[in-house]
Amino acid sequence: MELKAYEKIVSDENRARKYVSEKCRKNGHRFCPRCLCRKLYNLGDGRRRCSKCRYTFSEFAGRWISKSNLSCTEWLRVVKLFELELSTRKIAKQAGLPYKTAYRAITILRLAIMSQAQDARELLAREVEMDESYFGGRRKGKRGRGAAGKVPVFGILERNGRAFVQVVPNVKADTLVGLTVKKVRRGSIVYTDKYKAYDSLMFCGYRHLSVDHSKRFSRGKVCINGMEGFWSWAKERIIKHHGVSPERFPLYLKELEFRYNNREEDIFPLLVSYMSMLVPNVG
Ligand SMILES: [Zn+2]
């Protein structure tokens with residue numbers, strides 16, 4: 001979103017609230033967060049009551065945005081600064097919020113992104129590259145596959161398309177092939193390196209081509225250069241956060257996946273719609 005349009009929205013709380021409130025509707029309609037019924041009674045105090053299940057709720061009930069006490073203007077400021085990839089410290093300072101409050105809001109935003117990524121049903125297809133990589137841990141010691149203290153991540157990249165990255169418990173064939181079957185359409189061409197865990201892909205309905213790293217330039221299109229480019233792009237960004245804990249790492253990883261997959265999009269309205277969504281299993 002252009003700065004001028006953004007500034008207009010955050011110029012007063014009512015405008016900001018209206019902007020967020022519209023993102024909470026479905027096809028322009030308000031609905032009950034419990035049973036999704038559209039017939040609601042206005043109680044006059046800002047709350048509404050569902051005609052079907054009688055649930056009484058305030059405007060943002062059950063949504064990610066309600067998980068923090070920020071005003072809509074404050075929320076939108078946090079989202080704008082997050083879009084610009086500022087550090088939490090800088091976001092807190094620029095938005096005029098205590099560090100802890102900003103940190104909490106950004107975590108909620110990352111949870112909303114993660115929840116949205118898990119809901120994505122569309123499979124990756126056509127030509128995809130696959131690879132595993134290790135994040136974090138100490139620099140010394142074993143490198144590459146099986147490196148101690150590092151988090152293994154599996155990545156699938158659609159050529160000229162989307163990426164899927166996930167923390168995995170190990171890089172065994174069952175794990176990697178299992179995820180592939182869930183995420184990649186059968187019949188796709190799959191490029192990997194010579195790692196033997198990928199050998200069974202050809203039995204799962206994929207056309208599997210592997211690249212020998214010792215002669216990687218000899219086979220033209222058969223390469224995983226795109227995936228390798230993704231890893232360096234992702235690692236450069238993770239380093240900026242100075243030591244993300246293994247528990248929180250998946251959240252940062254999904255943020256990167258989101259940024260990569262929406263690199264051509266205006267992510268501000270997208271982020272606002274994510275935080276306006278219902279928190280799964282709540283409400
Ligand atoms: Zn209801």
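Here are a few things to note about the model shown:
- Cross-chain or 6+ apart pairs with Cβ under 9 Å, segment 52-75 first and in a helix (DSSP H, G or I), then among the aromatic types (Phe, Trp, Tyr) and more than 11 Å from the ligand (Cβ to nearest atom): 64/274; 65/75; 66/60; 72/19; 72/60
- If you go through segment 22-43 and keep only what is touching a residue at least 60 places away in the same chain (Cβ under 8 Å) and either away from the ligand (no atom under 16 Å from the Cβ) or surrounded by fewer than 11 Cβ atoms within 10 Å (Cβ to Cβ) (or both), you end up with just 23.
- For residue 64, the conditions (1) out of contact with any strand residue (DSSP E or B) (no Cβ under 9 Å at 6 or more places or on another chain); (2) of a type outside the set (A, V, I, L, M); (3) more than 15 Å from the ligand (Cβ to nearest atom) are fulfilled apart from (1).
- Residue 15 being of a type in the set (D, E, K, R), surrounded by 14 or more Cβ atoms within 10 Å (Cβ to Cβ), outside any loop (DSSP other than H, G, I, E, B) and free of Cβ contacts under 8 Å to residues at least 40 places away in the same chain: yes
- Qualifying residue in segment 84-93 (condition: open to solvent by less than 90 Å² (accessible area, probe 1.4 Å), in contact with a Gly (Cβ under 6 Å, 6 or more places away or on another chain) and in a loop (DSSP other than H, G, I, E, B)): no
- Residue 103, sole failed condition from (1) open to solvent by less than 40 Å² (accessible area, probe 1.4 Å); (2) among the aromatic types (Phe, Trp, Tyr); (3) away from the ligand (no atom under 16 Å from the Cβ): (1)
- Residue under evaluation residue 157, criteria (1) over 27 Å from residue 80 (Cβ atoms); (2) among the aliphatic types (A, V, I, L, M); (3) part of a helix (DSSP H, G or I); (4) in contact with a Phe, Trp or Tyr (Cβ under 8 Å, 6 or more places away or on another chain), criterion not met: (3)
- Considering segment 1-12, and only residues there that are exposed (fewer than 13 other Cβ atoms within 10 Å of the Cβ) and either hydroxyl-bearing (Ser, Thr, Tyr) or assigned to a loop (DSSP other than H, G, I, E, B) (or both), the residue that is nearest to the ligand (Cβ to nearest atom) turns out to be 12.
- For segment 44-57, filtering for residues that are more than 14 Å from the ligand (Cβ to nearest atom) and on the phi < 0 side of the Ramachandran plot leaves 1.
- If the condition is being among the hydroxyl-bearing types (Ser, Thr, Tyr) and either modelled with pLDDT under 90 or surrounded by 13 or more Cβ atoms within 10 Å (Cβ to Cβ) (or both), then segment 195-254 contributes 195, 198, 200, 206, 210, 214, 218, 245, 252.
The values are calculated or read from the model by the stated rules, or taken from the named source; none is laboratory data. Computed from a predicted structure; not experimentally measured. Neighbour counts run over all protein chains shown; Cβ positions are idealised from the backbone, glycine included. Heads up: the accessible areas ignore ligands, DNA and RNA and are worked out on the full protein's heavy atoms, side chains in. Shrake-Rupley method; radii C 1.70, N 1.55, O 1.52, S 1.80 Å.
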